[in-house]
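A quick write-up on the structure given underneath.
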Amino acid sequence: MSGLIFNLFIFVLASFVGFELISKVPPTLHTPLMSGANAISGITILGALVVAGQVDHQIAQHIGFTAIVFATINVVGGFMVTDRMLEMFKKKDTTNE
Amino acid sequence: MSDFLPPSIQAILPDVIQLIYLVATGIFIVGIKRLGSPATARSGNQLAALGMFIGIIVTLFDQQILSFDYIIAGILVGATIGVTAAKKVEMTAMPEMVAIFNGFGGGASALVAWGEFTRFEASAFVTQDLITIGLSILIGSITFTGSFIAFGKLKGFISGNPITFPGHNIFNAFLTVGTLGLVGWLTFDPTSQLTFWLLFGIALLLGILTVIPIGGADMPVVISLLNSYSGIAASMAGFVINNNLLIISGALVGAAGLILTNIMCKAMNRTLGNVLFGAFGGDGGSGGGPADDTDKTVRETTPDDVALQCAYSDRVVIVPGYGLAVAQAQHVLKEVADKLEKKGVEVKYGIHPVAGRMPGHMNVLLAEADVPYDQLYDMEQINPEFKSTDVVLIIGANDVVNPVAKTEPGSPIYGMPIMNVDEAKRTIIFKRSLSPGFAGIDNPLFYDEKNQMFFGDAKDSLQALSQALADI
């Protein structure tokens, strides 16, 4: 089995897991979920690390640097802003009054 | 970084890295699962962040990584921008924020593929590498420019109206086929710089051209779809560098984005095809457009009058919409609701699935104003209750209460599930003017004899109402 086919198996199986995980989410959480999932898509930063960290090719290093900046904005900003949203979700405050 | 480790560990390092990736994968799956319930959502997000952190740290031990200057600088710059943006953004601007973060993610995936393509000799690539590099560039670039257009449309830099030219869809289809052809050509002749740059350029252009004909009101759907794309782009980048963690996480996000997109389309009773290619909204939609008879009268009301009507009601339902959000009026609204509750009025919030700018956006805004989420009711829960409701306050919402959706088969929003506010004894619409909403359709509810209009900015109106309530 070639590498591509093997990777394709992983991709398809993971997609099914994704469909199963998300299908039953209350509308209240759609925005945070979208934002959180978006932060996870910043996982591409791992690829950026490899490209920026090699020393054989100067131009590729610069491209990798830009990729790291972009991906870090996505990851750090995404997780933080999701946390900010979810922090505000609370049940009716019974301690009040 | 692997230099510091003893040789015995260095020998098994690649496997150790893969195993830790497996752990991170598990953490992501549990994290996304926990994001699905209000009680566990925050911990789910934090878990996902932890998974990401583990993934990054362990990747630094990869033996290909020899220099850390660019890595440290890149992370510092990116984190500074990300933290600043995340802290400063207003909750109302959340859709734009997600759009732009998403654009950066997609852009990063395209850059990773470009970097990989640049750093090796073209002859070193086998066909399958070139396919995935091509697809990664294609999807990543579309996500990048598409997200920026979506951002511009929501921010108002770019007109929210659909921008089209004759043959737009056909031209886009032509470009799409063209880019796929270029991906194919790249596998035959990887040494051709021209093919590579044409692919990159057309993909960037395609992102612009596919989003620009879509109306501002549909941007959330587009953002959700682009979110899915950025996941797939990350997955493709994972194919390029042969990294399972990227492939899996990207696929999870891709699937999540597709499901959310689907949910949003259903809430608007539209198909994805109609959203993407229909050039809907803005000033274009007519169908059930404004009837030209002139005998329609509107009953205007005053703060004192509204205060009296509400204060002597048993049950008031508040239907908030995007107008509330843009006016930043959620805190004043909470104040009004508190005053009513003190007078013994039962107050509930009815939230349409697409109220605000994204599904669930209104819930976030009300949560920001400390409205407990068990006071918020979904459309299905609140609709049967309107019959026994005395007053419905419709604040900055229009399309989601437009009865045309039930009565006029020719209307663009016909069939969209709406809030049945017309069944209540009295409706009061808080609105700046009689102008139609995002869908560009006149609302007969404005002229209904049970309805009163409370003109003005949502925040000013609610402040006046709050004052009037205090004086009763």
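Points to keep in mind about this one:
- Qualifying positions in segment B:1-33 - at the interface with chain A (Cβ under 10 Å from one of its Cβ atoms), over 13 Å from A:THR82 (Cα atoms) and either open to solvent by 80 Å² or more (accessible area, probe 1.4 Å) or within 24 Å of the chain's Cα centre (by Cα) (or both): B:PHE28, B:ILE29, B:VAL30, B:LYS33
- Count of residues meeting criterion [part of a helix (DSSP H, G or I) and surrounded by fewer than 20 Cβ atoms within 10 Å (Cβ to Cβ)] in segment B:314-333: 2
- Restricting attention to segment B:74-123, the residues being polar (S, T, N, Q) and facing chain A (nearest Cβ under 7 Å) number 3.
- Residues satisfying the stated conditions in segment B:304-325, i.e. over 29 Å from B:ALA93 (Cα atoms) and either hydrophobic (A, V, I, L, M, F, W, C) or in contact with a helix residue (DSSP H, G or I) (Cβ under 7 Å, 6 or more places away or on another chain) (or both): B:ASP304, B:VAL306, B:ALA307, B:LEU308, B:CYS310, B:ALA311, B:ARG315
- Some residue of segment B:50-57 being buried (at least 24 other Cβ atoms within 10 Å of the Cβ) and facing chain A (nearest Cβ under 7 Å): yes
- The condition (being free of Cβ contacts under 8 Å to residues at least 60 places away in the same chain, open to solvent by less than 10 Å² (accessible area, probe 1.4 Å) and over 21 Å from the mean Cα position of the chain (by Cα)) is satisfied by just one residue among A:ALA67, A:ALA60: A:ALA60.
- Residue count for segment B:241-274 under the criterion of being more than 7 Å from every other protein chain (Cβ to nearest Cβ) and either assigned to a loop (DSSP other than H, G, I, E, B) or open to solvent by less than 30 Å² (accessible area, probe 1.4 Å) (or both): the result is 8.
- The condition (being hydrophobic (A, V, I, L, M, F, W, C) and touching a Pro at 6+ places or on another chain (Cβ under 7 Å)) is satisfied by just one residue among B:PHE144, B:PHE125, B:PHE148, B:PHE174: B:PHE125.
For (1) within 18 Å of the chain's Cα centre (by Cα); (2) buried (at least 24 other Cβ atoms within 10 Å of the Cβ), each residue gets a yes or a no:
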position	(1), (2)
B:ILE149	yes, yes
B:GLY152	yes, no
B:ILE158	yes, no
B:PHE165	no, no
B:HIS168	no, no
B:PHE171	no, no
B:VAL177	no, no
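- Residue ID - farthest from the chain's Cα centre (by Cα), chosen from residues in segment B:341-366 that are crowded, with 24+ Cβ neighbours inside 10 Å and in a helix (DSSP H, G or I): B:LEU366
- Close Cβ contacts (under 6 Å, 6 or more residues apart or on different chains) running from residues in segment B:384-401 that are under 9 Å from B:GLU423 (Cα atoms) to residues that are in a loop (DSSP other than H, G, I, E, B) and open to solvent by less than 10 Å² (accessible area, probe 1.4 Å) comprise B:PHE386/B:ALA424; B:THR389/B:ALA424.
- Which numbered condition B:ALA233 misses (of (1) open to solvent by 10 Å² or more (accessible area, probe 1.4 Å); (2) in contact with a Gly (Cβ under 7 Å, 6 or more places away or on another chain); (3) at pLDDT 85 or above): (1)
- Members of segment B:8-28 that are farther than 12 Å from B:ASN244 by Cα and out of contact with any helix residue (DSSP H, G or I) (no Cβ under 9 Å at 6 or more places or on another chain): B:SER8, B:ALA11, B:ILE12, B:PRO14, B:ASP15
- Selection status of A:ILE43, within 12 Å of B:ILE32 (Cα to Cα), facing chain B (nearest Cβ under 7 Å), buried (at least 24 other Cβ atoms within 10 Å of the Cβ) and out of contact with any Lys or Arg (no Cβ under 8 Å at 6 or more places or on another chain): no
- Test result for B:ILE223, more than 7 Å from chain A (Cβ to nearest Cβ), closer than 28 Å to B:GLY55 by Cα and surrounded by 24 or more Cβ atoms within 10 Å (Cβ to Cβ): yes
- Scan of segment A:39-57 for residues that are at pLDDT 90 or above and either out of contact with any helix residue (DSSP H, G or I) (no Cβ under 9 Å at 6 or more places or on another chain) or not hydrophobic (A, V, I, L, M, F, W, C) (or both), ordered by number: A:SER41, A:GLY42, A:THR44, A:GLY47, A:GLY53
- In segment A:1-40, the residues that are farther than 25 Å from B:ILE17 by Cβ and open to solvent by 40 Å² or more (accessible area, probe 1.4 Å): A:PHE16, A:PHE19, A:GLU20, A:SER23, A:LYS24, A:PRO26, A:PRO27
The values are calculated or read from the model by the stated rules, or taken from the named source; none is laboratory data. Note that the structure is predicted; figures quoted are calculated from it, not measured. All Cβ positions, glycine included, derive from the backbone under ideal geometry; neighbour counts span all protein chains shown. For accessibility, only protein heavy atoms count, side chains too; no ligands or nucleic acids. Shrake-Rupley method; radii C 1.70, N 1.55, O 1.52, S 1.80 Å.
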